[in-house]
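Before any comments, here is the structure.
No value in this document is a laboratory result; all are computed from the given coordinates. Keep in mind that what you see is a predicted model, and the values were worked out from it rather than measured. Reconstructed Cβ throughout: ideal geometry from the backbone, glycine too, with neighbour counts over all protein chains shown.
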Amino acid sequence: MKPTLKRSNAPIFWALFGAGGMLSALLGPMLVFITGLAVPLGWLLPPDTMSYPRMLAFAQNFIGKGFIFAIIALFLWHAAHRIFHSLHDIGIHAGTAAKLLCYGSAMVGTLLAAYALLVIGF
């Protein structure tokens, strides 16, 4: 008799965690450098690189929307998964409430990002 396998939604969260981790490792430092140092201090890039009209045009472009959404959503899911699994390290045994709080906040943030990007228009 074969054992019955229990269904799990863990692979979905691990995939979002992995994608967010890879994206944050590859693009996070570059984004911090550009938005926090290079543009404000005038290093390597002209001062108007991140002007409001340019950033609005980027956010209204289909590819720009996709990039912004991927960064926000995957960073949120990566952080939610890491926080959820780190609760055990600080002595909080994560249950259903912790799952709802961590993953629910990532879902709300993802939906808010999608809404904001749609409101900006194309």
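Using the number of other C-beta atoms within 10 angstrom as an exposure proxy, rank Ile72, Ile90 with the fewest first. Before the final figure, lay out the partial values.
Numbers: Ile72 17, Ile90 6.
Ordered by Cβ neighbours within 10 Å, fewest first: Ile90, Ile72.
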>> Under 8 Å for C-alpha pairs, at least 6 residues apart: give me the relative contact order for the chain, rounded to a whole percent.
In response: 31
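Which chymotrypsin sites (Phe, Trp or Tyr not before Pro) in region 31-99 sit in a loop by DSSP (not H, G, I, E or B) and have at most 13 other Cβ atoms within 10 Å of their own Cβ? Can you show the working numbers first?
On the way: sites: Phe33, Trp43, Phe58, Phe62, Phe67, Phe69, Phe75, Trp77, Phe84; in loops: Trp43.
Taking region 31-99 and a limit of 13 other Cβ atoms within 10 Å, the loop chymotrypsin sites (Phe, Trp or Tyr not before Pro) found are Trp43.
Can you divide the C-alpha Rg of region 19-120 by 2.2 N^0.38 Å and report the result to two decimal places?
Numbers: Rg = 16.6 Å, N = 102, 2.2 N^0.38 = 12.8 Å.
Relative to the 2.2 N^0.38 Å estimate, region 19-120 comes out at 1.30.
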